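Please read the structure below before turning to the comments.
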Amino acid sequence: MNEVLLSNQIIVFLLSESTLFILLLVAFVVSLKVLVKWDFESFMPFQFALERQAYLVSTIILFVFVMKFILVVYFIFSIDALSLLLPGAMCGAGVIKANVYGSYLLVLKLSILFLLTLWFYIHYYDMRTKNHQWFKHKSWLFSLIFVFIVLELGLDFSYFSNIDTHLPVSCCSALFGQLEGANPLPFGLSVSLLLVLFYLLYILVILSLKSGYTLLYILTNILFVYIAYYAVVYFFGTYVYQLPTHKCPFCMLQAEYAYVGYLLWASLFMGTYIGLSDAISTLWLGKTDPKSKNIVVWLLSLFVLLCTAYVAVYYLRNGVLL
Amino acid sequence: MNANAFWHFLTLQLFKERSKHLSVIVISAMILFLLSSVLFISSSIRFSLEETLKVQPDFVVSRVQGGISVPTPMIWEDELIDIYGVSNVIQRVYGRYFFKAKERSFLIVGVDFLEEQSHENLQKLIAKTDIKAFLNGSKMLVGEGVKTYLDAHFYKDDYNFLTPEGTFEKVNIFKTLPFQSNLIANDMMVMPIDLARKILGYSEEEVSDITFNVPNPDEWDMMTDKVSALHYDLQVVNKKDVQKSYENLYNYKGGLFLILFLVVLSTFTLILYQRYSMVYSSERRNIGLLRALGWSINDVLKFKFTETLVIVFASYILGVFFAYVYVFVLGAPLLKEVFLGGQNLQNTLTFVPVLDFSVLTSIFLIYALPFIAAVLIPVWRVSVTEPKEAML
């Protein structure tokens, strides 16, 4: 008997994912039919029936859209709770690395959230046109999302059923910390260069967003997420934990650090999702939402300020840096 | 559409159709009540066990031969004291004392009252006890359950133990153990170590096990290896192992319940689907009217969804609230026995109120998600009603 599968949170999580999948399957079948037969110029009763069915698809996706965000938070929370059962694990990092599926699953979940946000943008614009101009765009996007979600459900089950509770896993300090002198940072950066890059990229993201260089913005924002991840793990995280050797993206999600990780990662990812979705719909559909840009600036600034505040508060209290 | 007008219309509609919604809310609240009670009890017990575990000694060393525990030689204590980083090495003598006729048992715990204890609560208890009076003659401290049981069998002040040698040992009851420790101490008798040895049949050089603390938790894994290398027949258990096995036990109980609960949930979902399909088909006329008045499909969808959400939240709050009262105020009569097991001494335990994010979200997800999923298709079906069609 696999003890992981009896954990209450995991049962609830797998059940929720499966229920959503059944709904999406219905939506997918209907959506394919609509997509193939769709002809907005036609005045046949069949076309009107299709238009009504399109409402079912969008209602289901909107519901899934909201639930998936809740479920990702719940997933991370359950992973964290599992660390008690696995020998050696002290936070979610060890549990995610308990088998090969874990890291792929996490990346896949984050990508699906992004695609859903993008779908939401296209849907929003589509509903405001009189002739459902972007209906085919959003349906093809949904088909892509569905393929990812099939993959995700498969990974969900293979990940949780293959966690061996007797095999010791590495704790976060072994995964991120002691690398025996090897430099874990990308492009051979040092920590000080990483920080310079972090703040420069942040400024570039805001500038390119405000000045409307969409392509440049997309590139810099992707790079910013990449650099911000390393900056949080290898520099800002150590101030959250107030320990120079503690390098981990997961421990800050625990109660000891007032769950600050959820706020930190959520502001970074939500900002990026919204920004990229808006940018892509600008390039693809020629539609821009000025309100989104402000939200992105707010969220990313919150993220940068929060990171900086931890360092500043530490310095003001102790008079030294770590 | 004006948001205020929308909400006003929604409340009017909900109130007008209250008999339709009331039955769904009552059934949902009942199902939620059952689910929440079980999860509340399970999380509360887990919390209490963790609190109890926090004050327990970090390591327990005992002698195991062929998988069976045998008395541990007292000489091992000296070997443990010599290891750097180990503190509070304490020998313990304990065991179960059976009333053969009644198939009941007490847990006898022998304590060396003159030494410092590795169990923090015991340490506090001893600090409060008048040791001089306690050690004067054979005396013991007993748990709540033991006290009630002995009172009922006319052993008001003392009890006559039968030792393995066949002699009687009369021990006076000194005091009752504090009420908060009931989950573990309910059937406990605490007495001086030599007396416990006599009653349980240990020789002078033997103990049940030896406990010690290692203040630096980073050294625990290394210490486990080091201590188990001392002797071939030595078994060492640390607090993390115990915590893990507790976690597994309660996951098992709660998990099994949840899996069985899925049957109820899927039936419930099917019933909801059926019922809403029926209810909404009778509402087609209303929807047709709204559409004729100029509502778009999206407006109707939004309206019906908000109605569903109100029902979901109302039943969620009701169900969780009643479960809270049932478990933490009334003490979960009947359901408690499933989790605690009432075979031995009657336990009078109150649940410590624990409400954490994880339990509340779990309840919400396992209930609201299937509910909305079941209602979604009927809602859509009625929302796309053509005004002309409905009027026919």
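The values are calculated or read from the model by the stated rules, or taken from the named source; none is laboratory data. All of these numbers come straight from a predicted model, not from anything done at the bench. All Cβ positions, glycine included, derive from the backbone under ideal geometry; neighbour counts span all protein chains shown.
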(request) Could you identify the single residue in B:56, B:91 that is over 30 Å from residue B:352 (Cα atoms) and within 32 Å of the chain's Cα centre (by Cα)? (result) B:91
(request) Run down B:237, B:264, B:242, B:279 and say which single residue is more than 29 Å from residue A:5 (Cα to Cα) and either within 9 Å of chain A (Cβ to nearest Cβ) or of a type in the set (Val, Ile, Thr) (or both). (result) B:279
(request) Search the range B:4-21 for residues that are within 17 Å of residue B:309 (Cβ to Cβ) and pair each with any residue that is of a type in the set (A, V, I, L, M, F, W, C) and in a helix (DSSP H, G or I) when their beta-carbon atoms are under 7 Å apart and the residues are at least 6 apart or on different chains. (result) B:10/B:303; B:14/B:310; B:20/B:279; B:21/B:14; B:21/B:311
(message) Let me confirm something: among A:132, A:137, which residue is under 16 Å from residue A:34 (Cα atoms) and assigned to a loop (DSSP other than H, G, I, E, B)?
(response) A:132
(request) Output yes when any residue across the range A:154-172 is of a type in the set (Phe, Trp, Tyr) and more than 30 Å from residue A:71 (Cβ to Cβ), and no when none is. (result) no
(request) Kindly indicate which of B:227, B:242, B:236, B:279 is surrounded by fewer than 18 Cβ atoms within 10 Å (Cβ to Cβ) and either within 28 Å of the chain's Cα centre (by Cα) or modelled with pLDDT of 85 or more (or both). (result) B:242
(message) With the condition being buried (at least 17 other Cβ atoms within 10 Å of the Cβ), over 22 Å from the mean Cα position of the chain (by Cα) and at pLDDT below 95, I'd like the helices (runs of 4 or more DSSP H) fully within the range A:226-322 carrying at least 2 qualifying residues.
(response) A:237-241, A:290-318
(message) Can you tell me which residue is surrounded by the fewest Cβ atoms within 10 Å (Cβ to Cβ) among those in the range A:129-142 that are out of contact with any helix residue (DSSP H, G or I) (no Cβ under 8 Å at 6 or more places or on another chain) and not basic (Lys, Arg)?
(response) A:131
(request) Check the range B:7-19 and report whether any residue there is under 30 Å from residue B:245 (Cβ atoms), assigned by TED's automatic domain parsing to the domain that holds residue B:354, assigned to a helix (DSSP H, G or I) and in contact with an Asp or Glu (Cβ under 9 Å, 6 or more places away or on another chain). (result) no
(request) Scan the range A:70-118 for residues that are touching a residue at least 12 places away in the same chain (Cβ under 8 Å), closer than 22 Å to residue A:58 by Cα and within 11 Å of another protein chain (Cβ to nearest Cβ) and jot them down. (result) A:71
(message) Which count do you get for residues in the range B:155-166 that are surrounded by 10 or more Cβ atoms within 10 Å (Cβ to Cβ) and outside any strand (DSSP E or B)?
(response) 4
(message) Checking the conditions here, which among A:21, A:28, A:13 is in a helix (DSSP H, G or I), facing chain B (nearest Cβ under 10 Å) and in contact with a helix residue (DSSP H, G or I) (Cβ under 6 Å, 6 or more places away or on another chain)?
(response) A:13
(message) Condition first: more than 14 Å from every other protein chain (Cβ to nearest Cβ), within 16 Å of the chain's Cα centre (by Cα) and modelled with pLDDT of 85 or more. Can you find one or more residues in the range B:314-323 that meet it?
(response) yes
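To keep it simple, each residue is scored yes or no on (1) closer than 20 Å to residue A:160 by Cα; (2) surrounded by 18 or more Cβ atoms within 10 Å (Cβ to Cβ).
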{"site": "A:79", "(1), (2)": "yes, yes"}
{"site": "A:86", "(1), (2)": "yes, yes"}
{"site": "A:91", "(1), (2)": "yes, yes"}
{"site": "A:98", "(1), (2)": "yes, yes"}
{"site": "A:103", "(1), (2)": "yes, no"}
{"site": "A:109", "(1), (2)": "yes, yes"}
{"site": "A:112", "(1), (2)": "yes, yes"}
{"site": "A:126", "(1), (2)": "no, yes"}
(message) Can you say whether residue B:264 is under 25 Å from the mean Cα position of the chain (by Cα), β-branched (Val, Ile, Thr) and under 30 Å from residue B:143 (Cβ atoms), as far as the supplied structure shows?
(response) no
(request) Check whether at least one residue in the range A:45-52 is out of contact with any Lys or Arg (no Cβ under 8 Å at 6 or more places or on another chain) and among the aliphatic types (A, V, I, L, M), and report yes or no. (result) yes
(message) So, in the range B:186-208, how many residues would count as being of a type outside the set (A, V, I, L, M) and in a strand (DSSP E or B)?
(response) 2
(request) Mind telling me which of the residues A:151, A:155, A:144 ends up being in the same structural domain as residue A:66 (by TED's automatic domain parsing), over 19 Å from residue A:103 (Cα atoms) and hydrophobic (A, V, I, L, M, F, W, C)? (result) A:144
(message) For the range B:59-88, give me each residue that is at pLDDT 85 or above, part of a strand (DSSP E or B) and touching a strand residue (DSSP E or B) at 6+ places or on another chain (Cβ under 7 Å).
(response) B:59, B:60, B:61, B:62, B:63, B:64, B:70, B:72, B:73
(request) Tell me which of these residue B:175 doesn't satisfy, since it passes every other one: (1) surrounded by fewer than 19 Cβ atoms within 10 Å (Cβ to Cβ); (2) under 31 Å from the mean Cα position of the chain (by Cα); (3) assigned by TED's automatic domain parsing to the domain that holds residue B:109; (4) assigned to a helix (DSSP H, G or I). (result) (4)
(message) Kindly evaluate residue A:103 against the criterion of being under 30 Å from residue A:174 (Cα atoms) and polar (S, T, N, Q).
(response) yes
(message) Going residue by residue through the range A:143-154, is there one that turns out to be in contact with a helix residue (DSSP H, G or I) (Cβ under 7 Å, 6 or more places away or on another chain), within 14 Å of chain B (Cβ to nearest Cβ) and under 22 Å from residue B:377 (Cβ atoms)?
(response) no
(message) Just to be sure before I move on: is residue A:62 of a type in the set (A, V, I, L, M), touching a residue at least 24 places away in the same chain (Cβ under 8 Å), facing chain B (nearest Cβ under 10 Å) and part of a helix (DSSP H, G or I) in the structure I sent?
(response) yes
